[in-house]
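The values are calculated or read from the model by the stated rules, or taken from the named source; none is laboratory data. On a predicted model such as this, the values are computed, not experimentally measured, just so you know. Cβ atoms come from the backbone with ideal geometry, glycine included; neighbour counts cover every protein chain shown.
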Amino acid sequence: MTELEKKIKAKIPGEDTGIEIKRSLCAVCSPGNHCGLDCYVKDGKLLKVEGTLEHPYNKGKICTKGASNRDYIYRKDRVRTPLKRVGARGEGKFEPISWDEAYQIIAEKLNAVKEQYSPHSVAFFSGFCKWYRPILHRFCYTFGSVNFGTDDSTCFKSTDICHHLTTGRGGNGPNLPNANTFLGWNYGGYYSNHLAVPGAQALKERGGKIIIIDTRYTPAAKNLADIFLQINPGTDGALALGMAKIIIDNGWADMDYIEKYTYGFEQYKELVQKYPLDKVCQITGLNPDDVFAATKLFATNGPAAINFSASALAHRTNGLQTNRAILCLSALTGNYDQPGGNIPSVASYLHKRGGFDTREMEFRESKRPHDQLRIGETRFPPWDEYCDEFQAMDLLRQIEEGTPYPVKAIVGFGFNAKMFPETDKLVKAFDKLDFFVDADMFMSYTTRFADIVLPSCSSLERGEMKAYEGGYLTFTKPAIPPLYESKSDVNMLCELARVMDLDDDLLKAGYEACCDWMIQDTGLTVADLKASDLPVKVPGAKPTVPGEYIKNGFKTRTGKFEFYSTAIASYDPKYGLNPLPDYVDPLADENDPETKANYPFHLIAGARIPNTLHSRLHEVPWLRSLRPDPLVEIHVDDAKRLGIGEGDKVALSSPHGTIHLKAKLTSKVKPGVLMMAHGYTEANANELVGRNHLDPYSGYPGFKSLRCAIRKEAE
């Protein structure tokens, strides 16, 4: 910190620079993060950001993405006013209109669809970020539609459903402070969750052991791994089952735990016998000695904890069952809900575990209609049972077919068409809509297809409520005024509720009133939270106690941890879902000889890199300068064989499309594997993904397991 900054911090009299430091949070990443920020502001303009040292969550640390907040906020493509489409859909021609006119058009169009078809023919959809979702969810239900959906259709929820099916409860985080071994399965903390890294480093520094399993050689593999297993893409489920066989065969299973707390062990034991070490290594491409050593370390050097990601393993057509197979290792070794293992807990607010209760679920569910099936309902039974949203991967089909009823309008907040397989077909299907409104900070690929575009503001321009681990709540205040005519998303919704005269006095009362209602049992109010520039400790908040869930009984049908899922067993056999976490080839739907011959590579799309998150940061100049062009990573041996050099223009193709980008040669991926970031408009990886290349349990697309070909293009 410079002397000037020290003076500003201490607010030394007589040294008035006109610079203020205001507290806010970074909302670039998912709600699992949202680091505290010190915002340096002069004359209403943001000069720079730093991490807030006193913040109980990030303690002064921010990542590359967080450090870019100034460039992010002042992007040239900010939506400045409400806009009305005047050209053809997708042409990108708009004219500015007032907020009053925008609200009036939205109200008239939505009510017209409601009257001509039904309220369910209006779909409400949220992309990033998630902070306003309780308000949008309640707005949707109050309007009368069952169709509320989010990007959870491709992120987080599959892992959550896996844990519900197996344990009866959602998130199960690794208890690293008490662990001796950490199984970092697809652990990419350096790129996607930097605040998790110190816990893993501390474990290693005190003599603990770390196993990293990934498809590429990552900073975690380099800096943390005692054993690194570079696995073939999508074969993680086979490895987990093979590890289970080794554990059982060598007497390393915790039979006392299994007998007391689990269900279906005998069926599970029979299943894993199909996965001897030689077969597993043939599938996974791993060395038998390495697999045995990793398994022994995990099973005998306990307590042992496992990493579960929001999307990395879930983005495969076998994703949910893969995560179930990995989760079963925790119970098999007696580490589930035990100190140093994986500890189940309940979210306090917006998926964040704070150790206290709010009325978030009651806030939205009290208005839920029950007179219609959601989009995609009955297609993915586990999703239907454990998620109160429509599965958006069925949206394209329902718009095109109009069955079982038509979708004629979409209300989007941060709607990102590029998160959908066959993106171009989805936006083409928008021609069948009577109306599409989208709120966003930027003029995006998706907003080009909207009839009305509303200008959202950033986290630094609004106030929002947020929960943090350790028992904290905060309600931020704007660090700078909203730029141009932008508004907070929740203000848009509450104002629109008044214009439409929805039957919801709480929504009409505004966001802060809604938040007060949701946190009424905490002993705090929004006014209490706003009185502090830092998160406030919730009275009575309690950390999750290991063993408490086991003691009170699992919330499954059997009251136990289920190796054999009774929920899955209860679904109609026509779905072909297996109650045991068996392994299925993630490319099973693309394994015919012709497809394999024409598309011999295995593409992983969406792998994290430090300077992007989905498509949100590709247009931030500083971050884009770190990787100016969309790149596909290819092993040096494959590149040499195909005559591809560093930076050469290449085409990637699948049975569903072709995209164009540049080659990046590497030895960090295996031969036969290609890897690229997603979210680029000029090289959209999801154009290569078929709409039906989906996990039959969750509906998640196989973004990280699909067949493709690569060829060099002429300059």
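Quick rundown of the values:
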| item | result |
| --- | --- |
| Complete set of residues in the stretch 665-687 that are within 21 Å of Lys418 (Cβ to Cβ) and crowded, with 17+ Cβ neighbours inside 10 Å | Leu674, Met675, Met676, Ala677, His678, Gly679, Tyr680, Ala683, Asn684, Ala685, Asn686, Glu687 |
| The stretch 295-325: number of residues that are under 16 Å from Ala179 (Cβ atoms), among the β-branched types (Val, Ile, Thr) and more than 19 Å from the chain's Cα centre (by Cα) | 1 |
| Matching residues in the stretch 335-363 - criterion: being buried (at least 22 other Cβ atoms within 10 Å of the Cβ) and more than 21 Å from the chain's Cα centre (by Cα) | Asn335, Tyr336, Asp337, Gln338, Gly340, Gly341, Phe356, Thr358 |
| Within the stretch 511-616, helices (runs of 4 or more DSSP H) holding 2 or more residues that are at pLDDT 95 or above and crowded, with 18+ Cβ neighbours inside 10 Å | 511-518, 526-530, 566-569 |
| In the stretch 298-329, residue surrounded by the most Cβ atoms within 10 Å (Cβ to Cβ) [restricted to those that are touching a residue at least 60 places away in the same chain (Cβ under 8 Å), farther than 24 Å from His194 by Cα and of a type in the set (Ser, Thr, Tyr)] | Thr322 |
| The stretch 177-199, residues that are hydrophobic (A, V, I, L, M, F, W, C) and over 20 Å from Ala240 (Cβ atoms) | Leu195, Ala196, Val197 |
| Inter-residue pairs, beta-carbon under 9 Å, first free of Cβ contacts under 8 Å to residues at least 24 places away in the same chain and surrounded by fewer than 23 Cβ atoms within 10 Å (Cβ to Cβ) and in the stretch 61-79, second in a strand (DSSP E or B) and among the acidic types (Asp, Glu), 6+ apart | Ala67/Glu50 |
| Filter pass, Ile634 being more than 31 Å from the chain's Cα centre (by Cα), at pLDDT 95 or above and β-branched (Val, Ile, Thr) | no |
| Only listed residue being in the same structural domain as Gly285 (by TED's automatic domain parsing), among the β-branched types (Val, Ile, Thr) and in contact with a Gly (Cβ under 7 Å, 6 or more places away or on another chain), chosen from Ile210, Ile248, Ile227 | Ile210 |
| Options Ile410, Ile399: the member that is under 28 Å from Gly92 (Cβ atoms), among the aliphatic types (A, V, I, L, M) and in contact with a helix residue (DSSP H, G or I) (Cβ under 6 Å, 6 or more places away or on another chain) | Ile399 |
| Odd one out for Glu619 among (1) free of Cβ contacts under 8 Å to residues at least 60 places away in the same chain; (2) under 23 Å from the mean Cα position of the chain (by Cα); (3) over 19 Å from Phe703 (Cβ atoms) | (1) |
| The stretch 216-275 - residue that is touching a helix residue (DSSP H, G or I) at 6+ places or on another chain (Cβ under 9 Å) and polar (S, T, N, Q) and, of those, nearest to Pro198 (Cα to Cα) | Asn223 |
| Flag if Asp431 is surrounded by fewer than 23 Cβ atoms within 10 Å (Cβ to Cβ), of a type outside the set (Lys, Arg), modelled with pLDDT of 95 or more and not in a loop (DSSP other than H, G, I, E, B) | yes |
| Criterion violated by Ser625 - all others in (1) among the small types (Gly, Ala, Ser); (2) part of a helix (DSSP H, G or I); (3) touching a Ser or Thr at 6+ places or on another chain (Cβ under 9 Å) satisfied | (3) |
| Considering residues of the stretch 434-463 that are in contact with a Pro (Cβ under 8 Å, 6 or more places away or on another chain) and either over 30 Å from Asp38 (Cβ atoms) or of a type in the set (Val, Ile, Thr) (or both) only, the residue surrounded by the fewest Cβ atoms within 10 Å (Cβ to Cβ) | Ile452 |
| Some residue of the stretch 52-59 being in contact (Cβ under 8 Å) with a residue 12 or more places away in the chain, among the hydroxyl-bearing types (Ser, Thr, Tyr) and assigned to a strand (DSSP E or B) | no |
| Every residue from the stretch 214-232 that is touching a residue at least 60 places away in the same chain (Cβ under 8 Å) and either among the small types (Gly, Ala, Ser) or buried (at least 24 other Cβ atoms within 10 Å of the Cβ) (or both) | Thr215, Thr218 |
| Filter pass, Thr150 being surrounded by 22 or more Cβ atoms within 10 Å (Cβ to Cβ), of a type in the set (Val, Ile, Thr), modelled with pLDDT of 95 or more and not assigned by TED's automatic domain parsing to the domain that holds Leu460 | no |
| Positions within the stretch 140-196 being under 14 Å from the mean Cα position of the chain (by Cα) and either part of a strand (DSSP E or B) or hydrophobic (A, V, I, L, M, F, W, C) (or both), in sequence order | Gly149, Thr150, Cys155, Phe156, Ile161 |
| Among residues of the stretch 71-110, those that are charged (D, E, K, R), part of a strand (DSSP E or B) and either more than 23 Å from Leu46 (Cα to Cα) or touching an Asp or Glu at 6+ places or on another chain (Cβ under 9 Å) (or both), counted | 3 |
| Candidate set: the stretch 688-709, residues that are in contact with a helix residue (DSSP H, G or I) (Cβ under 8 Å, 6 or more places away or on another chain) and either free of Cβ contacts under 8 Å to residues at least 60 places away in the same chain or polar (S, T, N, Q) (or both); chosen: the one surrounded by the fewest Cβ atoms within 10 Å (Cβ to Cβ) | Asn692 |
| Among (1) more than 28 Å from Gly559 (Cα to Cα); (2) crowded, with 19+ Cβ neighbours inside 10 Å; (3) of a type outside the set (S, T, N, Q), the one test that Ile248 misses | (1) |
| Candidate set: the stretch 197-210, residues that are of a type in the set (Gly, Ala, Ser) and outside any loop (DSSP other than H, G, I, E, B); chosen: the one surrounded by the fewest Cβ atoms within 10 Å (Cβ to Cβ) | Ala202 |
| Residue check for Thr317: part of a loop (DSSP other than H, G, I, E, B), farther than 30 Å from Ile519 by Cα, of a type in the set (Val, Ile, Thr) and in the same structural domain as Asp214 (by TED's automatic domain parsing) | yes |
